[in-house]
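All of the numbers you see were taken from the coordinates with simple rules; none came from a lab. Here the structure is a predicted model, which is why all the values come from computation and not from measurement. Counting neighbours? That spans all protein chains shown, and the Cβs are built from the backbone with ideal geometry, glycine included.
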Amino acid sequence: MKVTVLGASGGCGRWVVELALERGHDVTAVVRPTSAAPPDGAEVIRGEVTDLEFVRSLPLGDVTFCCVGQRRRSLFPWSRLLSPPDLVQTVARHLVAAQPKRLVWISAGGVGTSRERLRFPITLMVRAGRVGTGYADLEVAESILDGAAFPTTAVRPVTLTNGTAPQPVGAVERFGLTSTVHRRSVAAWMLDHAEAGTRSVPPALLGTSRAHRSMALPGG
Ligand SMILES: NC(=O)c1ccc[n+]([C@@H]2O[C@H](COP(=O)([O-])OP(=O)(O)OC[C@H]3O[C@@H](n4cnc5c(N)ncnc54)[C@H](OP(=O)(O)O)[C@@H]3O)[C@@H](O)[C@H]2O)c1
């Protein structure tokens, strides 16, 4: 497949690029002018995804992955936002105008229909400070992309971590304080989902669970 990855410099985006290259896909990595270089092997296009004309000019392939997300100065929920508060919804609007063939993008556990699956402490956390700003942005982005004329998948992971060990990944019922999933596993799941075509139904909430051991992803 020809795949295009927006946010290819981020934790998940880098893994989507790397695993897509390993799987033999033709990868275009889109990053901003100041971003760290994405993994070697992809064609790199630099520009601002907040600029409509830039997004419309992108060579969007068979599947577009969007891993763009707000950055904060630190993990502390009230730390300063380093991205516009409406970043993801802006990119969502631009993608609707650019009309990719298919979009798989990262939202978050707790957005949309997955909100009711949050345990109480996580409900408080996702409202806190700039984390709340990020969730509000994702809510709007989901509503924009739900109305798109092309197939879209919003991936809603639980808390992201940086491990690389293979994990059983799939739908989980609850998002609690101990719910985590590796960024690498989320990227592998996104690629599996894209490769399966539109017949694959995405879960409301993506995480790891013993219940998924029988369907553990080889690359995840
Ligand atoms: N953290 C969690 O536990 C968690 C859980 C569920 C869902 N999520 C969602 O998953 C997303 C992806 O996670 P991640 O760990 O891969 O995030 P990340 O490492 O912070 O990557 C964010 C990506 O967005 C880009 N970006 C940020 N501000 C931008 C701007 N103004 N213009 C253009 N690009 C911009 C970054 O580019 P630069 O490299 O140039 O900064 C980077 O490529 C998060 O942002 C969040 O919405 C997170």
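Below are the figures for this structure:
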| item | result |
| --- | --- |
| Cβ charges +1 (Lys, Arg) and -1 (Asp, Glu), total dipole of the chain, debye | 680 debye |
| Relative contact order computed over the chain (Cα-Cα under 8 Å; 6+ residues apart), in percent | 19 percent |
| Net charge contributed by nearby residues that have their C-beta within less than 15 Å of Arg73 (K/R +1, D/E -1) | +4 |
| Cα gyration tensor, segment 1-118 - rounded (a/c under 1.5), prolate or oblate | rounded |
| GNM top mover of Gly13, Gly112, Gly163 - the chain, alpha-carbon springs below 10 Å | Gly163 |
| Among Asp137, Asp62, Asp51, residue whose mean-square fluctuation peaks in a GNM of the chain (springs only between Cα atoms under 10 Å) | Asp51 |
